[in-house]
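Asks: Just passing along the structure, written as structure tokens.
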Amino acid sequence: MRKEKGRTALKTTKKDEAPRVDRPYKESHYLLFGDPAGAAYRDNLDCAGASAYLKSRGIDGGALTHARHLRHKAEEYAGFRLQAERVCDFCGRELVGTEYERLKDGRDRCSECSDSVVKGQEAFEALFSQVRDGLCVKFGIDLPRNLEVKVVSQARLSRMIGKKFVPTRHFATRPVGFAVNRRKSYGLVFENGTPRLSLVATTAHELTHLWQYANWDKGTMDRRYGGASLAVYEGMAKWVEIQYLYLLNERAYAERALEREVQREDIYGYGLKLFLNEYPLSEGIALSGPTPFQNPSSPLP
């Protein structure tokens, strides 16, 4: 190590050693992680073991970790305000300027969501298969494979649901899909042209309902939970929808969905909060706690 024109340089004489560092050492080679030249040293460090040891000593989740977590949330929530003048009715991001489009039914869609719309039966079936298989693997469950899946227009979906959608100035969502249960004959109907992540979330939600239909007895659920049984059905589906987004590493979308849904005062928001109290969300790409799928006979106390 020697000084060179007011800066520190790393000089080597052997071919297998790290080359000269042109930038100040403190900027480019802190702990020898700032440059590919540090790869040889990095292989000799047991970072995972050091992390596990520190956690075992209780050095985890302190003030610095908490501060970083809050900073991360602040960054992810950037552009998301429920009471903003105008937001994307699919992802909840605040709309600024003219980079959005207004759909025929009055919903606003940001350019990012517009660029990711899934169109056509074939494209949807490919995405649907990915979500179905992903839920089975990540939650360790079985889902029906021979399902009748339809992709229909926005107008037809509205008629099938039988509810008139009235857009508002703020976040205005409406169903873009629903599950069908006719005498144990299951099916799914989705709206054509839905943005990818919105469609992924809706598919996870509706597939959860199919799992419920196959594993829950409606009479038993009604006797056990009384007037709150519908909130149990919808609360679990919302929980799975958001948890699955986290498992896909779609953290920003999951955070916005969570922030939005817990503020609802209907069966969806109420039910979701019941499940969040019993099953905390795992914010990483792997589950770190129990899920309601593991308690099919009694998902909530």
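Asks: Which entries of Lys55/Lys273; Lys104/Lys138; Lys104/Lys218; Lys104/Lys163; Lys104/Lys150 have Cα-Cα distances beyond 26 Å here?
Replies: Details: Lys55/Lys273 29 Å; Lys104/Lys138 37 Å; Lys104/Lys218 38 Å; Lys104/Lys163 16 Å; Lys104/Lys150 21 Å.
Exceeds cut-off: Lys55/Lys273; Lys104/Lys138; Lys104/Lys218.
Asks: Once the Cβ-Cβ distance between Leu147 and Lys55 is put in as r, and R0 is 41 Å, what FRET efficiency do you end up with, to the nearest 0.05? Write down the numbers at each step before the final one.
Replies: On the way: r = 43 Å, r/R0 = 1.04.
The computed FRET efficiency comes out at 0.45.
Asks: Quote the FRET efficiency, to the nearest 0.05, computed for Arg224 versus Gln294 with a Förster distance R0 of 25 Å and r equal to the Cβ-Cβ distance. Mind showing how you got there, number by number?
Replies: Details: r = 17 Å, r/R0 = 0.68.
It comes to 0.90.
Asks: Moving on to the next point. Can you list the residues, at least 5 places off or on another chain, whose amide H is less than 5 Å from the amide H of Ser116, using H built in the peptide plane?
Replies: Under 5 Å from the amide H of Ser116: Arg196.
Asks: Peptides 267-275, 229-237, 123-131, 212-220: what's the order by average Cβ count within 10 Å, highest mean first?
Replies: Details: 267-275: 20.1, 229-237: 22.1, 123-131: 16.1, 212-220: 14.2.
Those peptides, ordered most packed to least, come out 229-237, 267-275, 123-131, 212-220.
Asks: Based on the inverse mean of 1/r over its pairs of different Cα atoms, what is the Kirkwood hydrodynamic radius of the stretch 157-301, in Å? Each step should come with its number before you reach the end.
Replies: Working: mean 1/r = 0.0625 Å⁻¹.
Mean inverse Cα-Cα distance, inverted, gives 16.0 Å.
Asks: For the stretch 236-248, take each phi angle, set θ = phi - 60°, evaluate the Karplus expression 6.51 cos²θ - 1.76 cosθ + 1.60, and give the result in whole Hz per residue in order, putting x for glycine and proline.
Replies: Couplings: 5, 4, 5, 4, 5, 3, 6, 4, 5, 4, 4, 5, 7 Hz.
Asks: Compute the distance in nm between two label points, each set 7 Å from the Cα along the Cα-to-Cβ direction, one at Val262 and one at Glu99.
Replies: For the pair Val262/Glu99, the computed spacing is 2.8 nm.
Asks: So what are the ³J(HN,Hα) numbers for the stretch 291-298, from phi and the Karplus equation (6.51, -1.76, 1.60; θ = phi - 60°), rounded to whole Hz, Gly and Pro as x?
Replies: Once rounded to whole Hz, the list reads 10, x, 5, 7, 10, x, 7, 8.
Asks: Now for a different question. Taking 22 Å as R0, compute the FRET efficiency from the Cβ-Cβ separation of Glu278 and Asn181 and round it to 0.05. Don't skip to the end; give the middle numbers.
Replies: On the way: r = 25 Å, r/R0 = 1.13.
Plugging the Cβ-Cβ distance into 1/(1 + (r/R0)^6) gives 0.30.
Asks: Sticking with this structure for a sec: In nm, give the distance between the simple-model label positions of Ala48 and Arg251, each being 7 Å from the Cα along the Cα-to-Cβ direction.
Replies: Distance between the two pseudo-spin positions: 2.0 nm.
Asks: Follow-up question, since we're still on this one. Measuring from label point to label point, each 7 Å out along Cα→Cβ, what is the Ala214 to Ala123 span in nm?
Replies: 2.8
Here, each number is a calculation from the coordinates, and none is a lab measurement. Predicted model, so just to flag it, every value in this text is computed and none were measured. All Cβ positions, glycine included, derive from the backbone under ideal geometry; neighbour counts span all protein chains shown.
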